[in-house]
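The values are calculated or read from the model by the stated rules, or taken from the named source; none is laboratory data. Keep in mind that what you see is a predicted model, and the values were worked out from it rather than measured. Heads up, the Cβs are rebuilt from the backbone with ideal geometry, glycines too, and the neighbour counts pull from every protein chain shown. All accessible areas refer to the heavy atoms of the entire protein, side chains included, with ligands and DNA or RNA removed. Shrake-Rupley method; radii C 1.70, N 1.55, O 1.52, S 1.80 Å.
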Amino acid sequence: MEKLKKLIVALDSKHLTDMVVLDMRKHSALYDFMVISTAKNERIIAGVLRELKDLDADPTFSLKYIEGHRNGQWVLADFGDIVVHVFNEEMRTKYHLEKLWGDAERVDFSAWLS
């Protein structure tokens, strides 16, 4: 959970909104947690992209794959056990991953941000 906490704190510093963390351990053999959030504009998405790449320098993280950053609407980052989705508002509404994975338990991370 320490790795997830570091990631959430780093993402929160980038002014993302509506962040949700889903516990996927009962639903996926590929990863343990899915982080979903919204960026208000392309500049914020670009900042998140830099932050995600910077996390790769931390020995506890290993960025396996990053996708979607060219169009400024969505970023997917795969850290192996944690997958991160950052959408603009339109794409977040369109894909609505929380609904797709509605039976996944949400992780309460509010204490990590205080």
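A few notes on this one:
- Surface share of carbon and sulfur [accessible, 1.4 angstrom probe, percent] for the chain: 50 percent
- For the set Ser13, Ser114, Ser37, the ranking by accessible area, highest first and with no ligand, DNA or RNA atoms included, is Ser114, Ser13, Ser37 under a 1.4 Å probe.
- Under the Karplus curve 6.51 cos²θ - 1.76 cosθ + 1.60, θ = phi - 60°, whole-Hz ³J(HN,Hα) for segment 28-33, x wherever Gly or Pro sits: 9, 8, 8, 8, 9, 9
- When the surface is traced with a 1.4 Å probe over the full set of protein chains, Lys6 keeps roughly 80 Å² accessible.
- A Gaussian network model of the chain, with springs between Cα atoms under 10 Å, assigns the largest mean-square fluctuation among Leu100, Leu63, Leu11 to Leu100.
- Rounded to the nearest 10 square angstrom, Asp103 shows an accessible area of 110 square angstrom against a 1.4 Å probe.
- Beta bridges assigned by DSSP with both partners in the chain are antiparallel in approximately 70 percent of cases.
- Taken per residue, the accessible surface of the chain reaches 57 Å², heavy atoms only and a 1.4 Å probe.
- Comparing Ala29, Ala39, Ala104 in a Gaussian network model of the chain, where Cα atoms under 10 Å apart are tied by springs, the biggest mean-square fluctuation is seen for Ala29.
- Most mobile listed residue (Met24, Met91, Met34) in the chain, GNM with C-alpha springs under 10 Å: Met91
- Gyration tensor verdict on the chain (Cα atoms; rounded if a/c is under 1.5, prolate if a/b is larger than b/c, oblate otherwise): rounded
- Total formal charge among the other residues, if their Cβ is under 14 angstrom from that of Phe79, Lys/Arg +1 and Asp/Glu -1: -4
- Surrounding net charge for Leu55, when Lys and Arg each add one and Asp and Glu each subtract one, Cβ distance under 11 Å: 0
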